[in-house]
1. Kindly list, by first and then second residue, each pair from a residue in region B:189-211 that is at pLDDT 95 or above to a residue that is of a type in the set (Asp, Glu) and crowded, with 21+ Cβ neighbours inside 10 Å, limited to pairs with Cβ atoms under 6 Å and residues at least 6 apart or on different chains.
2. Only one of B:Ala221, B:Ala192, B:Ala212 is part of a loop (DSSP other than H, G, I, E, B) and under 16 Å from B:Leu15 (Cα atoms); which?
3. Tally time: how many residues in region B:120-136 are surrounded by fewer than 22 Cβ atoms within 10 Å (Cβ to Cβ) and farther than 17 Å from B:Asp109 by Cβ?
4. Take the residues of region B:217-249 that are β-branched (Val, Ile, Thr) and open to solvent by 50 Å² or more (accessible area, probe 1.4 Å): which is farthest from B:Leu2 (Cα to Cα)?
5. Only one of (1) open to solvent by 30 Å² or more (accessible area, probe 1.4 Å); (2) within 10 Å of the chain's Cα centre (by Cα); (3) more than 30 Å from B:Leu204 (Cβ to Cβ) fails for A:Met1. Which number is that?
6. Restricted to region B:1-39, and to residues that are β-branched (Val, Ile, Thr) and within 20 Å of B:Val181 (Cα to Cα), which residue is most open to solvent (accessible area, probe 1.4 Å)?
7. Is there any pair linking a residue in region B:148-164 that is away from chain A (no Cβ under 14 Å) to one that is hydroxyl-bearing (Ser, Thr, Tyr) and open to solvent by 40 Å² or more (accessible area, probe 1.4 Å), with Cβ under 9 Å and at least six apart or on different chains, and which?
8. Which fully enclosed strands (runs of 3 or more DSSP E) of region B:1-109 have 1 or more residues being at the interface with another protein chain (Cβ under 9 Å from one of its Cβ atoms) and more than 15 Å from the chain's Cα centre (by Cα)?
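The values are calculated or read from the model by the stated rules, or taken from the named source; none is laboratory data. Note that the coordinates shown come from a computational prediction; the quantities given were computed from them, not determined experimentally. Note that we place each Cβ from the backbone using ideal geometry, even for glycine, and neighbour counts take in every protein chain shown. Ligands, DNA and RNA are stripped out before the accessible areas are found, and what is left, the full protein with its side chains, is counted by its heavy atoms. Shrake-Rupley method; radii C 1.70, N 1.55, O 1.52, S 1.80 Å.
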Amino acid sequence: MKLIINGEEQEVTSSTLSGLLDELAYEHDFLATARNSELVSAEERASCELLEGDRIEILSPMQGG
Amino acid sequence: MLEFYGEVISSRLLLGTAQYPSPKILSDAAMRSGSVILTVSLRREAAGTGAGGKFWDLIRQLNVRVLPNTAGCHSVKEAVTTAKMARELFGTDWIKLEVIGHHDSLQPDVFGLVEAARILCEDGFKVFPYTTDDIVVGERLLEAGCQVLMPWCAPIGSARGPVNPDALRAYRAHFPGVPLVVDAGLGRPSHAAQVMEFGFDAVLLNTAVAKAGDPVAMAEAFSKAVEAGRQAFEAQPLDPRDMAVPSTPVIGMAVFE
């Protein structure tokens, strides 16, 4: 399945958002996620089923002014 | 006593965390500033780097409050979604709301700002809006539910200081009971002292410290300036006069002819 992950198209096998984070080797504790511009909380990731073409954003803390 | 959304704040200097030469200098500058509120942001994380986690560990060691921002957002939707992700990530309902209108001036899109503020306040956020010195916009933001206003004094990162001091004075006078933070455009400690003398409650700055030759020393300089400006405001400074007034008494002057 092709997804747009942080702006880049990728071919993945996972069917849920939590599975996707495992597949891509992200550290779960310091992430916020969104699917198609809507927040997906940490508790919702396991039940968040992915569909072809979904736009996934995976964000983490960074410096800001 | 300064309060934001009912919470007592012990330092009137809010400091940004971007652009420092190193994490160590950021940490040292933050400690030297005495600030108890640091602004942070969130960005796309590259898989396997853990970069965000390392930064977050550094901030948590400073034992301060964080004020996440929506920097770089150009639409209401972007800002609202980013704010929700920030609440999830940082565990705070405080949000420094930025809805940017132009890439070059970084001027707030005040129409989008008011709309986003209304959505977020209704959702329980405690919104700190980055706005202009337009009083009507300030009123709209209060109506939307904001309890703090953060007008700029010059464009972000410009280091120009208060380019329209009369507007800032009028802004302060128009919102006597509202916590006001000058956010963006400060370049030197004297700028911070100036707006604090006007009666602003706090300042928020980043570039002026981070890009100074010695950010740690500059953080302390701003801290002192903010404190001095506040003390001067409370001491009720003189208004300027057009004509000279002798400071030495003239009564009893000897007459020599």
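1. Pairs that qualify, where the first residue is at pLDDT 95 or above and the partner is of a type in the set (Asp, Glu) and crowded, with 21+ Cβ neighbours inside 10 Å, are B:Leu204/B:Asp183.
2. B:Ala212
3. 6
4. B:Thr248
5. Evaluating A:Met1 over (1) open to solvent by 30 Å² or more (accessible area, probe 1.4 Å); (2) within 10 Å of the chain's Cα centre (by Cα); (3) more than 30 Å from B:Leu204 (Cβ to Cβ) leaves (2) as the failure.
6. Checked region B:1-39; the qualifying residue most open to solvent (accessible area, probe 1.4 Å) is B:Val8.
7. Pairs found: B:Gly161/B:Ser190.
8. Per the criteria, B:37-44.
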